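Below is one structure; the comments refer to it alone.
The values are calculated or read from the model by the stated rules, or taken from the named source; none is laboratory data. In this text, all values refer to a predicted model and were calculated from it rather than measured experimentally. Methodologically, a virtual Cβ is constructed for each residue, glycine included, from the backbone with ideal geometry; neighbour enumeration extends over all protein chains shown. The accessibility values were calculated without ligands, DNA or RNA, using every heavy atom of the protein model including side chains. Shrake-Rupley method; radii C 1.70, N 1.55, O 1.52, S 1.80 Å.
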Amino acid sequence: MKFFVDTAEIDAIAELNDLGMVDGVTTNPSLILKSGRDILEVTKEICDLVDGPVSAEVVATQADAMIAEGRKLAEIAPNIAVKLPLTWDGLKACKLLTGEGRMVNVTLCFSANQALIAAKAGATFISPFIGRLDDINIDGMDLIADIRAVYDNYGYETQILAASIRSVNHVLESARIGADVMTAPPDVIKKLAAHPLTDKGLEQFLSDWAKTGQTIL
Ligand code: E4P
């Protein structure tokens, strides 16, 4: 499973990237706001740091303007994936931009039908939002499973990018179902390493080791 990190914070991306945990990055207008940075500048820095796809989102809502913004964002670096909302205009822009050989991440997906139509428009990635469905008491994991089944039925190559991940269980369930990629905030990725029995076991080992009076170095 590929790991994308869902942030525009350079230090957090760099720390995870040094550990080989970053196969790509996703940003959105809210994350750019949170970073306090200029979108073009911060996205360029991220692209310089990370080899994999870096999603940068358009903010226009009409297809022509989305295409113009998408082309400008794609000029930042070859590894930009233009992020487009799952609207009819977004699908038009998706078809055109992927036809130009650009990567496109279709975002704000909340149904398998939306994912189906994004695949038909040539999307490189589809981003179903798990957490935001959970927020309204709909099981986001069912959506990931539905999209996996639909794409596998017909051999669509659009990659399922499980997004709006809020917990380590979302990561595990997405991996079980077979999402191609998951994108999560840095703190969720770090929590994947945590287990209370690891902490408890280490505490016991260190306590026993101290009693031996030995040193290794
Ligand atoms: C990623 O592409 C999405 O923008 C992100 O995962 C949304 O997450 P949120 O629902 O926690 O804001």
Response to the item:
Neighbours of PRO186 by Cβ distance under 15 Å: Lys/Arg at +1, Asp/Glu at -1, summed charge -3
Practice prompt. Could you please report the charge total around LEU133, scoring K, R as +1 and D, E as -1 over all other residues with beta-carbon less than 15 angstrom from its beta-carbon?
Written response: -4
Worksheet item: Which whole-number percent is the relative contact order of the range 156-209 (Cα, under 8 Å, 6+ apart)?
Response: 35
Worksheet item: Picking from SER174, GLN114, ALA193, whose Cα lies most toward the positive end of the charge dipole for the chain (charges on Cβ: Lys, Arg +1; Asp, Glu -1)?
Response: GLN114
Item to complete: Report, for the chain, the % of DSSP beta bridges that are antiparallel, rounded to 5.
Response: 0
Discussion item. Please check: in the Gaussian network model of the chain (C-alpha springs, under 10 Å), which one of LEU143, LEU73, LEU19 has the largest mean-square fluctuation.
Written reply: LEU19
Fill in: Distant-in-sequence amide H partners of SER164 (H built 1.01 Å from N, under 5 Å)
ILE130
Discussion item. If you fit an axis through the alpha-carbon atoms of helix 168-177 and take the longest principal axis of the Cα set of the chain, what angle between them do you get, 0 to 90°, nearest 10?
Written reply: 60
Fill in: For the range 99-146 versus the range 160-180, the gap between their alpha-carbon centres in whole angstrom
12
Practice prompt. Once you've got the GNM for the chain with C-alpha springs shorter than 10 Å, pick whichever of GLY70, GLY201, GLY52 has the biggest mean-square fluctuation.
Written response: GLY201
Discussion item. Probe of 1.4 angstrom, ligands and nucleic acids ignored: what's the accessible area per residue over the chain, in square angstrom?
Written reply: 52
Worksheet item: What accessible area, in Å² to the nearest ten, does a 1.4 Å probe give for ASP187?
Response: 80
Item to complete: With r as the distance between the Cβ atoms of TRP88 and MET1 and R0 = 41 Å, compute the FRET efficiency 1/(1 + (r/R0)^6) and round to 0.05.
Response: 0.85
Worksheet item: Modelled label-to-label distance, ILE216 and MET21, 7 Å Cα→beta-carbon offset: nm?
Response: 2.2
Worksheet entry | Cβ-placed point charges (K, R +1; D, E -1), dipole of the chain about Cα centre in debye, nearest 20 | 300
Discussion item. Taking 0.36 nm per residue of sequence separation and subtracting the Cα-Cα distance, how much length would be gained by fully extending the chain between GLU203 and ASP38, in nm to one decimal?
Written reply: 54.9 nm
Worksheet item: What is the extension gain from ILE136 to LYS191, computed as 0.36 nm multiplied by their sequence separation minus the C-alpha to C-alpha distance, in nm to one decimal?
Response: 17.3 nm
Worksheet item: Do you know the relative contact order of the range 2-192, to the nearest whole percent, from alpha carbon pairs under 8 angstrom that are 6+ apart?
Response: 18
Response to the item:
Relative to the chain, whose Cα atoms define the longest principal axis, helix 39-49 and its Cα axis are tilted in degrees, nearest 10, by 50
Discussion item. Tell me whether the chain comes out rounded, prolate or oblate; compute the Cα gyration tensor, take square roots of the eigenvalues as a ≥ b ≥ c, and use a/c under 1.5 as the rounded threshold.
Written reply: prolate
Worksheet entry | Alpha-carbon centroid distance for the pair the range 54-78 / the range 1-44, whole angstrom | 17
Fill in: the range 9-104: GluC sites (Glu not before Pro) in DSSP loop, at most 14 other beta carbons within 10 Å
GLU75, GLU100
